[in-house]
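K.L.:
Following this message is one structure expressed as structure tokens.
The values are calculated or read from the model by the stated rules, or taken from the named source; none is laboratory data. Here the structure is a predicted model, which means the values were calculated and not measured. For neighbour counting, all protein chains shown are included, and Cβ atoms are generated from backbone atoms with ideal geometry for every residue, glycine included. Note: accessible area is taken over every heavy atom of the protein model, side chains too, but ligands, DNA and RNA are not part of it. Shrake-Rupley method; radii C 1.70, N 1.55, O 1.52, S 1.80 Å.
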Amino acid sequence: MGKYKKGILGPFRGIIGTVIGSIWNGVQYMRSLPELSGKNPSTEQLNIRFRFSLIGSFVKVMQNHISVGYQSFKNGMTPANAATGYHLKNAITGIAPDYKIDFAKVVLSVGKLNDANKCKAVPTANVEINCEWEASSSTEYNDKLDLATIVVYHPERNIVVSAKGVAPRSALKYKMTLPFDFAGDEVHCWIYFVSPTGKSVSNSSYLGKLTVL
């Protein structure tokens, strides 16, 4: 049961009658209770649920990167909401209900720093991935001290392994060791840069689908 103070115009939390009150990020919200429906969901409604479930699960497992990579989104939009909206619109492939994520279109970070220039990832022996990139000719948003983060996603296990801030942009390479039991499995890889202050990021770059050796 909700309680309110300072009259009907004052903020409150909880349910009062047919409205719900809440406070998020210091902003008071009031909305009506949803109407219950006894109808079975339509095919389109089910398809929307399938897409939301697919992307919601992926965004959740990538939350540590999404919170950094989408930090520039403001005006009441959380990083998770921004990432969910983008991927619902751009990164789903397949025919209902067999939707899949198009990993080449996944974007883990969005920002003004220079992307990883001509980057690539090559699997090597001992469950390692050798990541390389080239120096950028642009001097703007291209601090040599920007730190590279490498992200590896195992889709069959829904597991993320990452190396956060492991090498400066000037290093031009990083060798990442994966869990031993990843050997023989397919994974997807990305790279992005974060400024030394942690307040600016680059767009992430997709490094491809690799078979771990």
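K.L.:
Between their Cα atoms, which of Lys39/Lys209; Lys39/Lys74; Lys60/Lys112; Lys173/Lys199 are more than 31 Å away from each other?
P.N.:
Correct reply: Lys39/Lys209; Lys39/Lys74.
K.L.:
Give, in nm to one decimal, the length gained when the segment between Asn117 and Phe52 is fully stretched (0.36 nm per residue of separation minus the Cα-Cα distance).
P.N.:
Length gained between Asn117 and Phe52: 20.1 nm.
K.L.:
Please give the contour-minus-distance gain from Glu186 to Leu88: 0.36 nm per residue of separation, less the Cα-Cα distance, rounded to one decimal in nm.
P.N.:
32.9 nm
K.L.:
For Glu156, what charge total do you get from the other residues with a beta carbon under 13 Å from its beta carbon, if Lys and Arg give +1 and Asp and Glu give -1?
P.N.:
0
K.L.:
Using a probe radius of 1.4 Å on heavy atoms only, what accessible surface per residue do you get for region 53-180? Whole Å² is fine.
P.N.:
54 Å²
K.L.:
How large, in percent, is the carbon and sulfur part of the accessible surface of region 112-213 at a probe radius of 1.4 Å?
P.N.:
50 percent
K.L.:
Let me ask something else. Can you tell me the relative contact order of region 81-131? Whole percent, Cα pairs under 8 Å, sequence separation 6 or more.
P.N.:
It comes to 21 percent, rounded to a whole number.
K.L.:
Would you please classify the overall shape of region 69-212 from the alpha carbon gyration tensor, given that a ≥ b ≥ c denote the square roots of the eigenvalues, rounded means a/c under 1.5, and beyond that prolate means a/b larger than b/c while oblate covers the rest?
P.N.:
Here region 69-212 falls in the oblate category.
K.L.:
Could I ask something else about it? Can you give the accessible area of Thr139 in Å² (nearest 10), computed on protein heavy atoms with a 1.4 Å probe?
P.N.:
130 Å²
K.L.:
May I ask you to rank Asp146, Asp115, Asp185 by accessible area, largest first, using a 1.4 Å probe over the protein chains only?
P.N.:
Solvent-accessible surface, decreasing: Asp115, Asp185, Asp146.
K.L.:
For region 31-125, rounded, prolate or oblate, judged on the Cα gyration tensor with a ≥ b ≥ c (square roots of eigenvalues), a/c < 1.5 rounded, else prolate if a/b > b/c?
P.N.:
Oblate, because a/c is 1.5 or more while a/b does not exceed b/c.
K.L.:
If you take every residue apart from Leu172 with its C-beta less than 15 Å away from the C-beta of Leu172, what net charge results, scoring Lys and Arg +1 and Asp and Glu -1?
P.N.:
Charge balance near Leu172 sits at +1.
K.L.:
May I pose another question? Counting Lys +1, Arg +1, Asp -1, Glu -1, what net charge surrounds Thr93 among other residues with beta carbon under 15 Å of its beta carbon?
P.N.:
Value of the local net charge: +3.
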